[in-house]
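The values are calculated or read from the model by the stated rules, or taken from the named source; none is laboratory data. On a predicted model such as this, the values are computed, not experimentally measured, just so you know. Using ideal geometry, Cβ is built from the backbone for each residue, glycine included, and neighbour counts are taken over all protein chains shown. SASA here: full protein model, heavy atoms, side chains in, ligands and nucleic acids out. Shrake-Rupley method; radii C 1.70, N 1.55, O 1.52, S 1.80 Å.
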Amino acid sequence: MTTKRPSAPGSNLASPVDATAINTATTTATAAGAALRRKWMLPNRGFLSAASDRLLQILDQKASEILLQNGEVLFAQGDDGDALYAILGGAIEFSTLSSTGRKLSLDIMRAGAVFGEIALFDPGPRTATAMALEPSRLRRLRNRDVLDQLQDHPDLAGDLLRLAGQRMRWMNTQLSEQVFLPMPVRLARKLLHLAPDSGNGHLNLSQSELAEFVGATREAVSKTLSQWKRSDVLDIGRGSLTIRDRQALLLLADPDIS
């Protein structure tokens, strides 16, 4: 018969009391994060939907609120960058200018998204211009505040590494699509990205703006959209469009699907 040896003093084995305390602390932290998501009325998507409670609390306690009107520029390409931003409401467009002055739209981010993280690791000129497409509300977290919090809470690095990884993956995907995919496929993918399936499929974007997003001419985009309209995939309005058949657009975005 084997007798269990009692744990030595200082053993790292947790007692039932310790486990209860840990579970209570975890539950409290999770509840705090959920309360902040409700406070900001965040959707169940975007980076903030899975962000740690620590990051949400820092955004609540250390960040300042920024309100933008439609068409207002948050920062321009080349401006000094020293902050991270979280979108609580509205929509922000990101674009760059080529050496010839041509505008290239990169992305549109909505509530729940976080951007500007590059400035946390390497403060320097902004690589794109950020402009509000509608009245928008953001939280701004300065570089120095994030670094101070990282010293006290190293676990916060997990959020920042995950955000940096997502951005790198997105950039690689954009480059690959631009080089290897034909324009109609790029256009279909961009429409699906800009109009998530949780919405009504309506986009307030002109054909010229869509051409900027996919790096094509307005004429080429207009011809493709007209073909899709005749096939009842979407409706075209003045400066807008509405996706009518999302499943058909998914097939156009991935022609390899059988």
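Using a Förster radius of 35 Å, what is the FRET efficiency between Phe180 and Leu147 based on their Cβ-Cβ separation? Nearest 0.05, please.
After rounding to 0.05, the efficiency reads 0.35.
Quick one: the Cα spread of the range 76-116 along its three principal axes, in angstroms, biggest first?
Rounded to whole Å, the extents work out to 34, 21, 10 Å.
Calculated from DSSP H runs of 4 or more alone, at -39500 (n - 2.57) each and per residue, what is the 222 nm mean residue ellipticity of the chain, nearest 500?
Mean residue ellipticity, 222 nm, calculated: -14000 deg cm²/dmol.
Provide the three semi-axes, in whole Å and in decreasing order, of the ellipsoid equivalent to the range 130-209 as defined by the square roots of 5 times the Cα gyration tensor eigenvalues.
Its equivalent ellipsoid spans semi-axes of 32, 19, 11 Å.
Suppose all protein chains stay in the model; what accessible area per residue would a 1.4 Å probe give for the chain, in Å²?
Counting only protein heavy atoms, the per-residue value for the chain is 58 Å².
Under 1.5 on a/c is rounded, so check that first for the range 162-203, then, if it is not, pick prolate when a/b is larger than b/c and oblate when it is not; a ≥ b ≥ c are the square roots of the alpha carbon gyration tensor eigenvalues.
The shape class here is oblate.
Taking amide hydrogens as modeled 1.01 Å from N in the peptide plane, which residues meet the under 5 Å criterion relative to Ala91, leaving out close sequence neighbours?
Leu133, Glu134
What is the gain in length, in nm to one decimal, between Arg246 and Thr127 on full extension, counting 0.36 nm per residue of separation less the C-alpha to C-alpha distance?
So the chain would gain 39.6 nm between Arg246 and Thr127.
Put +1 on the Cβ of every Lys and Arg and -1 on every Asp and Glu Cβ in the chain; which of Leu67, Leu120, Gly201 then has its Cα farthest towards the positive end of the dipole?
Positive-most Cα among the choices belongs to Gly201.
Kindly write out, for the range 44-60 in residue order, the coupling ³J(HN,Hα) from the Karplus curve 6.51 cos²θ - 1.76 cosθ + 1.60 (θ = phi - 60°), rounded to whole Hz, with x marking Gly and Pro.
8, 7, x, 4, 5, 5, 10, 5, 5, 4, 4, 5, 4, 5, 5, 4, 6
Show the residues, 5+ positions off or on another chain, whose built amide H is closer than 5 Å to the amide H of Asp107.
Phe94
Please give the Cα centre distance for the range 187-245 versus the range 88-110, rounded to the nearest Å.
One Cα centre to the other: 17 Å.
Spelling out what I want: for every residue of the range 243-255, take phi, set θ = phi - 60°, compute 6.51 cos²θ - 1.76 cosθ + 1.60 (Karplus), and round to whole Hz; glycine and proline get x.
Couplings: 6, 9, 10, 5, 5, 5, 5, 4, 5, 5, 6, 9, x Hz.
Using only the Cα atoms of the range 70-165, build the gyration tensor, take square roots of its eigenvalues as a ≥ b ≥ c, and label the shape rounded, prolate or oblate: rounded if a/c is under 1.5, else prolate if a/b is larger than b/c, else oblate.
The shape class here is prolate.
Just check the chain against the gyration tensor rule for me: Cα atoms, a ≥ b ≥ c as the square roots of the eigenvalues, rounded for a/c under 1.5, and otherwise prolate or oblate depending on whether a/b exceeds b/c.
prolate
Return the distance in nm (one decimal) between the two label points of a simple spin-label model at Glu65 and Arg167, each offset 7 Å from Cα along Cα→Cβ.
With each label point 7 Å from Cα toward Cβ, the separation is 2.6 nm.
Could you work out how far apart the two model spin labels at Ala76 and Thr96 are, taking each label as a point 7 Å from the Cα in the direction of the beta carbon, and quote it in nm?
1.8 nm
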